[in-house]
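Quick notes on the structure that follows.
The values are calculated or read from the model by the stated rules, or taken from the named source; none is laboratory data. Just so it is clear, the model here is predicted, and its values are computed rather than measured. For neighbour counting, all protein chains shown are included, and Cβ atoms are generated from backbone atoms with ideal geometry for every residue, glycine included. Note: accessible area is taken over every heavy atom of the protein model, side chains too, but ligands, DNA and RNA are not part of it. Shrake-Rupley method; radii C 1.70, N 1.55, O 1.52, S 1.80 Å.
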Amino acid sequence: VAHIRENKEAFAKALSKRNIDAATLLDQVIAADELRRNSQSQLDEVLADSNKFSKEIGMLYKSGEAQKANLLKEKTAG
């Protein structure tokens, strides 16, 4: 999709040779890709936070602070 984004006019021109008006379609493809990229970025942030909390909970259990670990688990589960 990056290639399409960078060369949108070339794709539209090539498709027009086949009597396909692709301008709207290419805009939709680019918009859908942008939405996917934003969603992936948000997911990556959530997973990074989850990993961070999991490590912290594990360290709390190892250090004998099960009560703090359980409280943190409850906070992150909601």
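Numbers at a glance
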| item | result |
| --- | --- |
| Inter-site label distance for residue 20 and residue 51 at 7 Å from Cα along Cβ, in nm | 3.9 |
| Solvent-accessible area of residue 24 with every protein chain in place, 1.4 Å probe, in Å² to the nearest 10 | 90 |
| Charge dipole of the chain about the Cα centre (unit charges at C-beta), most positive-ward option of 24, 61, 46 | 61 |
| Span-rule helices in the chain, defined as complete DSSP H runs reaching 20 Å or more along the axis (Cα) with Kyte mean at least -0.5 | 23-62 |
| Mean separation of Cα contacts under 8 Å, 6 or more apart, over the residue count of the chain: relative contact order % | 19 |
| Computed lengthening from residue 32 to residue 74, 0.36 nm per intervening residue step minus Cα-Cα distance | 11.6 nm |
| Prolate/oblate/rounded label for the chain (Cα gyration tensor, a/c 1.5) | prolate |
| List 37, 5, ordered by accessible area with a 1.4 Å probe, largest first | 37, 5 |
| Cα-projected label distance for residue 41 with residue 2, points at 7 Å along beta-carbon direction, nm | 1.5 |
